[in-house]
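The values are calculated or read from the model by the stated rules, or taken from the named source; none is laboratory data. Quantities reported herein were computed from a predicted structural model and do not represent experimental measurements. Virtual Cβ from ideal backbone geometry, glycine too; neighbours counted across all protein chains shown. These accessible areas exclude ligands, DNA and RNA; they are computed on the full protein's heavy atoms, side chains included. Shrake-Rupley method; radii C 1.70, N 1.55, O 1.52, S 1.80 Å.
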Amino acid sequence: MSVTPAEGDRRVAVVTGAARGIGAATVLALASHGWWVVAVDRCDDDPRLPYRLGTETELQAVSAAALAQGGQSARVEAVVADATSIDAMSRAVSVAEDRFGGLDAMVAVSGVIAGGVPFWQMPVDQEQAVLDGNLASVLVAARVGIPAMLRRPEPRAGRFVAVSSAAATRGLPMLAAYCASKAGVTGFVRALAAELRGTAVTANAVTPGSTATAILDESARLYALESAEAFSAQQPLGRLIRPEEIAAAIVWLVDAATEAVTGAAIPVDGGLSL
């Protein structure tokens, strides 16, 4: 479906991991700020991982809530796609370009966790699932999203944002592969920002602390904790972070006014990295 010139002036984002958690909160926050959003999630479990992932029902519910919250100006398209697949993510970007008129922000939120044993005892398939879900998905998002943002005519304001973790700089026992994958995200974003020099496209990461999501619930299970609430004790904030708080940082980073911020890893961690 073609768009009118007025629609083409809209700011358009693709968000991965959109069915729940930080991804869902980001879709809602962007829609409430007038963005048109392509909300992407694989909507299927990964047989290599021992916990349930987001569902298509959840993704559709997020999209409906974002439309209701954004009002008449909102446009949200739910797309079922594996964030680690170049072909699938290329199709998601095509939705942004063909239906919404272009792409201004690629937000790579999709992520998974596994571990609970010393690294050398971790099943190799789980290790690969973590590297795929946390790092390869970010590389794929950049591979398909950056060219689309560069296709925007100048003056452009393209924004690439990836969700890393405080685990990128903290050694978390029995989560070595997870820590490695998140450190890879921050390193990748720094290099990407340098490669984007002079393009008016920026690259940044946010590094959440212990956030109330399904991943933290799984972390609690891996550590044999009664609930994820136990993680609040390690943060000077004294509580878990809400997904909406991470989403607020992402909304700020994708704003056209933040061109001077690039190559950064912004902590939204309740002081966990202190």
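For this structure, a couple of remarks:
- Relative to the current alpha-carbon distance between residue 73 and residue 156, full extension at 0.36 nm per residue lengthens the span by 27.7 nm.
- Segments 133-140, 20-27, 164-171 sorted - mean Cβ within 10 Å per residue, highest first: 20-27, 133-140, 164-171
- Among 88, 18, 205, the residue with the largest mean-square fluctuation in a Gaussian network model of the chain, with springs joining Cα atoms closer than 10 Å, is 88.
- Dipole check for the chain: with +1 at the C-beta of Lys and Arg, -1 at the C-beta of Asp and Glu, and the Cα centre as origin, the magnitude is about 540 Debye.
- Amide hydrogen neighbours beyond the local backbone of residue 211, cut-off 5 Å, H modeled: 241
- Pairs of Cα atoms nearer than 8 Å and 6+ residues apart set the relative contact order; for the chain it is 19 percent.
- Between the amide H of residue 11 and those of 36, distances stay under 5 Å, these residues lying 5 or more places away or on another chain, with hydrogens modeled in the peptide plane.
- For peptides 118-126, 209-217, sequence by mean Cβ density within 10 Å, most packed first: 209-217, 118-126
- Prolate/oblate/rounded call for segment 137-274, Cα gyration tensor, a/c under 1.5 rounded: prolate
- Peptides 237-246, 106-115, 174-183, 190-199 ordered by average Cβ neighbours within 10 Å, highest first: 106-115, 174-183, 237-246, 190-199
- HN-Hα J in Hz across segment 169-181 - Karplus 6.51, -1.76, 1.60, θ = phi - 60°, x for Gly and Pro: 10, 10, x, 9, x, 6, 9, 4, 5, 4, 4, 4, 5
- Of all accessible heavy-atom area on segment 138-274, the percent that carbon and sulfur account for (1.4 Å): 57
- The chain: mean projected area of Cα convex hull, nm²: 13.6
- Between segment 114-168 and segment 198-274, the alpha-carbon centres lie 15 Å apart.
- In the full protein context, segment 1-117 carries 40 Å² of accessible surface per residue, based on a 1.4 Å probe and ignoring ligands, DNA and RNA.
- On the beta carbon distance between residue 86 and residue 233, with R0 = 35 Å, the FRET formula returns roughly 0.30.
- Shape call, segment 76-195: gyration tensor on alpha carbons, a/c limit 1.5: prolate
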